[in-house]
Amino acid sequence: MPIGYLPILGFAVLSAAFPIVALLLARFLRPSAPNAVKLEAYECGIPSQGGSRGRFSVRFYVVAMLFVIFDVETVFLFPWAVRYKQYGWFGLAEAGVFLAFLVVGYIWILGKRVLTWA
């Protein structure tokens, strides 16, 4: 094993050990006095009703997925925004095409009425 990789290995071991040690230390140092009230599920001050395996509408998941998809666009636009002067007109056209695809997708989603809650 080349000697140059030892600092990387040490950093990897330290990175893996730190959260484990922190969680174990917190487990032993925290006060623990469980009782029925503390172990009860809490939601907005209202006692819970029914089981936790309730059924949800698929629309919740669709909206969450759409949020993730349209939020990822900012990840792709950030490098372009940092270096837009170096890319020139080609970079501007490239970002425009990307945003056009997103707008077409958004219009398609609105046409399918995915975001209506009626």
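The values are calculated or read from the model by the stated rules, or taken from the named source; none is laboratory data. What you see is a predicted model, and the numbers here were worked out from it, not measured in a lab. Virtual Cβ from ideal backbone geometry, glycine too; neighbours counted across all protein chains shown.
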Self-check item: Residue satisfying condition, being at pLDDT 85 or above, in a loop (DSSP other than H, G, I, E, B), loosely packed, with under 10 Cβ neighbours inside 10 Å and at negative phi, within set 19, 31, 7
Solution: 31
Quiz item: Just for the range 77-118: of the residues that are of a type outside the set (Ser, Thr, Tyr) and at pLDDT below 80, which one is surrounded by the fewest Cβ atoms within 10 Å (Cβ to Cβ)?
Solution: 118
